[in-house]
Amino acid sequence: MTLDTTPALLDGGQAEEDAAVRRPAAPGESSRASRQWWDRNADDYQEEHGAFLGDDRFTWCPEGLDEEEARLLGPAGSLTGLDVLEIGAGAAQCSRWLAAQGARPVALDLSYRQLQHARRIDLGRQSAPVPLVQADAAVLPFADRAFDLACSAYGAVPFSADTAALMREVHRVLRPGGRWVFSTTHPIRWAFPDEPGEEGLTATGSYFDRTPYVEQDEHGRASYVEHHRTLGDRIRELVAAGFTLLDLVEPEWPAELTAEWGGWSPLRGRHLPGTAIFVARRD
């Protein structure tokens with residue numbers, strides 16, 4: 001697709017401070033809210049986190065676990081010539097790393113503005129552009145068995161209302177034996193306030209409450225939606241879709257990392273897992 005680099009005309013206004021509630025949110029409402037939120041906030045997100053993410057770094061999480069070290073997609077040298085789908089790619093930083101390993105990545109994101117940042121980075125580097133696709137991860141616009149690998153670093157999965165359908169779609173577009181590796185907020189975090197300080201260390205909610213977190217305007221229209229699943233839910237979704245779970249990685253907070261990222265902090269990282277990375281294989 002062709003993307004310009006001028007500011008997008010964004011639909012959907014937003015109050016200065018939307019109310020945070022826990023309530024049901026259907027797939028259509030969740031998808032619409034996520035697209036609009038990321039279109040509105042992509043500039044600030046890339047400005048705030050761009051230095052940490054880099055232009056061609058594949059980092060799985062705020063804890064800073066890089067694929068260069070972790071090799072969750074496969075051993076060094078094994079990516080050459082593989083077709084890889086990055087889901088919820090943002091500015092396609094991970095896809096550029098994959099391309100440097102000899103893979104053929106496609107970067108998919110729901111947000112047009114995030115993909116504009118991907119094109120901006122490619123133009124600034126004067127490098128071969130990463131192929132970009134704007135689409136919902138639960139309705140992938142690809143043929144069956146089109147990819148050897150699929151990956152997502154905090155993209156799409158937490159924001160999808162129907163992750164069982166998302167898992168089925170990823171299974172459909174993967175070739176037999178292909179890996180699906182994705183990172184998301186560790187489910188245990190949903191029992192704790194999303195705060196980096198001491199208040200974030202005391203459980204105030206139920207881990208088993210799957211009611212979505214919604215920010216909404218004065219008319220009740222969702223501007224941001226995030227969905228919770230337990231570890232068991234995630235594993236059952238993967239198995240039901242036809243995957244075998246190979247590993248569940250819970251990165252520890254490194255002693256040398258002193259920066260905070262939202263609710264992630266050295267303090268909380270010493271006590272609670274912040275990220276869960278699921279490594280699965282298509283049967």
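Observations
- Filtered by the rule that a residue be among the β-branched types (Val, Ile, Thr), in a strand (DSSP E or B) and farther than 14 Å from ARG179 by Cβ, region 59-85 gives a lone residue, THR59.
- Residue count for region 61-114, restricted to those that are within 14 Å of the chain's Cα centre (by Cα) and hydrophobic (A, V, I, L, M, F, W, C): 10.
- Selection of region 86-117 for residues being more than 17 Å from GLN134 (Cβ to Cβ), of a type in the set (A, V, I, L, M, F, W, C), surrounded by fewer than 24 Cβ atoms within 10 Å (Cβ to Cβ) and touching a helix residue (DSSP H, G or I) at 6+ places or on another chain (Cβ under 9 Å) yields TRP97, ALA103.
- Residue that is surrounded by the most Cβ atoms within 10 Å (Cβ to Cβ), among those in region 219-251 that are among the basic types (Lys, Arg) and in a helix (DSSP H, G or I): ARG234
- Pairs are defined by a Cβ separation below 8 Å, a sequence spacing of at least 6 or placement on different chains, a first member in region 164-178 that is touching a residue at least 24 places away in the same chain (Cβ under 8 Å) and under 18 Å from ARG234 (Cβ atoms), and a second member that is among the β-branched types (Val, Ile, Thr) and assigned to a helix (DSSP H, G or I); the pairs so defined are LEU166/VAL157.
Coordinate-derived values only; no laboratory data. Values in this document were obtained by computation on a predicted structure and should not be read as measured data. So basically every Cβ, Gly included, is an ideal-geometry build from the backbone, and we count neighbours across all protein chains shown.
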